[in-house]
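Shown next, in structure tokens, is the structure this report addresses.
The values are calculated or read from the model by the stated rules, or taken from the named source; none is laboratory data. This structure is a prediction, so every number in the text was calculated from the model and none was measured. Note that we place each Cβ from the backbone using ideal geometry, even for glycine, and neighbour counts take in every protein chain shown.
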Amino acid sequence: MQLAIIGTGGVGAAVGLKWSQCGHSVTYGSRDPDQPRLRTLLEQCGASARVAAPRQAAADAEVILLAVPWPVARQTLEQLGSMAGRTLIDCTNPLLGDLSGIEVGHLTSAAEQIAAWAPGAHVVKAFNTASVKVLRDPRFGDYRATMFYCGDWAPAKATVHRLIEDVGFEAVDAGGLVCARYLEPLAMLYIQLAVRQGWGSNCAFKIMKR
């Protein structure tokens, strides 16, 4: 599958490396393709990965992962051009600058706003409730960490389900895109436990049923 990752921070780098290792073609969208960290990442990914300007990376992709900080999400989307008809994975969290809470919630979500800013794209919320350390290795002994996702178009959700499993998580469908209103506060709970209560980033959510 031809995948684009817009944003080369910890989340984008970790997910892209996993996808490359699974045989997907990954293009990182970056305004600074010569930065040493990105060159190192491409070496780790191998021949299946490359870097391009963000707009070009998105233009060539079947699926696009938006992995930029929330404050620049709208501006970034405007620079990418039309994504109508394609799957757009939103892993942003609308965090306040001091990590004390989230900027939007209850009556809307970052994912719903992104859907409005990218008309025609099939937006799926995913990869927003785990640390970079867990994205790199979602296994905890015999268990796989859970990654929730939500969206409104079944074919896009099926694609994201497979891509989540390629990273190594147990993929759990949380419902329509409106359910991002629950998943984004869940990320805030993760931050509360990992940062404020000192658990550290080597922890993850796991849902069980019987």
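The set of residues in the stretch 134-169 being under 15 Å from the mean Cα position of the chain (by Cα), charged (D, E, K, R) and farther than 16 Å from SER20 by Cα consists of LYS157 alone. Checked against the criterion of being farther than 24 Å from LEU96 by Cα, β-branched (Val, Ile, Thr) and either modelled with pLDDT of 95 or more or in contact with a strand residue (DSSP E or B) (Cβ under 8 Å, 6 or more places away or on another chain) (or both), the stretch 166-187 has at least one qualifying residue. Just one of the numbered conditions (1) in contact with a Pro (Cβ under 8 Å, 6 or more places away or on another chain); (2) at pLDDT 95 or above is not true of GLU103: (2).
May I ask you to verify whether ALA126 is closer than 24 Å to GLY9 by Cβ and modelled with pLDDT of 95 or more? Yes: the conditions hold for ALA126.
The criterion of being surrounded by 15 or more Cβ atoms within 10 Å (Cβ to Cβ) and in contact with a helix residue (DSSP H, G or I) (Cβ under 9 Å, 6 or more places away or on another chain) does not hold for ALA194. Filtering the stretch 118-167 to residues that are free of Cβ contacts under 8 Å to residues at least 24 places away in the same chain and either within 19 Å of LEU193 (Cα to Cα) or not small (Gly, Ala, Ser) (or both) leaves ASP142, HIS161, ARG162, GLU165.
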